[in-house]
There are 2 protein chains.
Amino acid sequence: MGLAKTEMFTDQQNEIALFAKVFGHPARVSILQHLFKINSCVCGDLVNEIGLAQPTISQHLKELKLLGLIKGSVEGTSVCYCIHKENWIAMKSVMSQFLNQDITQENKCC
Amino acid sequence: MGLAKTEMFTDQQNEIALFAKVFGHPARVSILQHLFKINSCVCGDLVNEIGLAQPTISQHLKELKLLGLIKGSVEGTSVCYCIHKENWIAMKSVMSQFLNQDITQENKCC
DNA sequence: CATATTAATCGTAATATTGCAATAGATTAA
DNA sequence: TTAATCTATTGCAATATTACGATTAATATG
């Protein structure tokens, strides 16, 4: 079906999955790393940097923006995208809780 | 196309994306949380716990196993699945590096 | 205004993902 | 061996994702 049955999971589980999904494509990982590195950006740079077509990059940026992980402001004919730091920190908190579940006890089997 | 152009990204970027992708579905998030919670498991439990059909759960388990995040051992007619702790820690290291990129400097714009 | 520049949107093709019914495989118990 | 139990696999339908050419929208510049 291609459609996840989100209604049978908790809000927290769905939120984790949504964040993870957006990181589930190397182009978006690359975009975010680049934005962190140069600490400021325009879309055209990313097209050159990454090598996908402009509409493709634009679409990936849209998804990142939709989740609030980046923000963009118009600068003349170009758009300046950068990390939305407050939201990034909030996202990290959600993901860290998931990644750092208690791993100390011994398994009862396996 | 539905096909990511992985060849234009680094191994690290592709690895992050692969891990993230597997967390990109709430059923797999839920399965992992349940495995952490009870610290031992069989597939039948998960079918009752999560509410998806048995083949669906089995398929999600397969993906988690493929990435090495869980391991399963046959126990009679059932299979005992649990977190692969060493691999989980290794995965956490990769994901943490990505999530904890330097966020301290001020943006040059935005 | 006309043109250039840059990013967003639309439309579409190819592929991937999700979910489950039906079935097969494996193991135990009688 | 047969039946019961549990998990994996197959096959398929519905939806999602990815990528990009063509186009549009918005803003600057001459």
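Derivation of every value follows stated rules applied to the coordinates shown; laboratory data play no part. No experiment lies behind these values; they were computed from the predicted model shown. All Cβ positions, glycine included, derive from the backbone under ideal geometry; neighbour counts span all protein chains shown.
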- Query: From the phi of every residue in segment A:59-67, what ³J(HN,Hα) in whole Hz does the Karplus formula 6.51 cos²θ - 1.76 cosθ + 1.60 yield, where θ is phi - 60° and glycine or proline is x?
  - Reply: 5, 5, 4, 4, 5, 5, 5, 4, 7
- Relative contact order as a percentage, chain A, C-alpha pairs under 8 Å and 6+ apart, gives 24
- Task: With only Lys, Arg, Asp and Glu charged, each at its Cβ (+1 for the first two, -1 for the last two), find how big the charge dipole of the protein assembly as shown is about the Cα centre; round to the nearest 20 debye.
- Result: 140
- Note on the structure: Any trypsin sites (Lys or Arg not before Pro) in chain B that lie in a DSSP loop and have at most 11 other Cβ atoms within 10 Å would be B:108
- Query: Once every DSSP H run of n ≥ 4 in chain B is given -39500 (n - 2.57) and the sum is divided by its residues, what mean residue ellipticity at 222 nm do you get, rounded to the nearest 500 deg cm²/dmol?
  - Reply: -17500 deg cm²/dmol
- Task: Report the net charge of residues surrounding residue B:25, where surrounding means a beta-carbon distance below 9 angstrom and charges are Lys +1, Arg +1, Asp -1, Glu -1.
- Result: +2
- Here segment B:40-55 yields Karplus 3J(HN,Hα) values (6.51, -1.76, 1.60; θ = phi - 60°; whole Hz; Gly and Pro given as x) of 2, 6, 10, 4, x, 3, 5, 4, 5, 5, 9, x, 8, 5, 4, x
- Message: Taking a point 7 Å out from Cα toward Cβ as the label site, list the nm distances between residue B:45 and the same residue in every other copy, smallest first.
- Response: 5.0
- Message: If you take each beta carbon of peptide A:86-99 and count the beta carbons of other chains within 10 angstrom, what is the mean?
- Response: 3
- Within the under-10-Å Cβ sphere about residue B:63, not counting residue B:63, Lys/Arg +1 and Asp/Glu -1 give a net charge of +4
- Return the long-range amide H neighbours of residue A:41 (sequence gap of 5 or more, or a different chain), with a cut-off of under 5 Å between placed amide H atoms. A:81
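Suppose R0 equals 22 Å. What FRET efficiency, 1/(1 + (r/R0)^6) with r the Cβ-Cβ distance, do residue B:100 and residue A:45 give to the nearest 0.05?
0.40
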- Message: Amide H of residue A:84 versus every other amide H placed in the peptide plane: which residues, excluding those fewer than 5 positions away on the same chain, fall under 5 Å?
- Response: A:70, A:71
- Message: So if I take the centroid of the Cα atoms in segment B:63-86 and the same for segment A:1-32, what is the distance between those two points in Å?
- Response: 23
- Note on the structure: The correct pair for chain A, radius of gyration to one decimal and Dmax as a whole number, both in Å and from Cα atoms, is 17.0, 62
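Please express the shape of the protein assembly as shown as an equivalent ellipsoid: the semi-axes are the square roots of 5 times the eigenvalues of the C-alpha gyration tensor, given largest first in whole angstrom.
35, 17, 15
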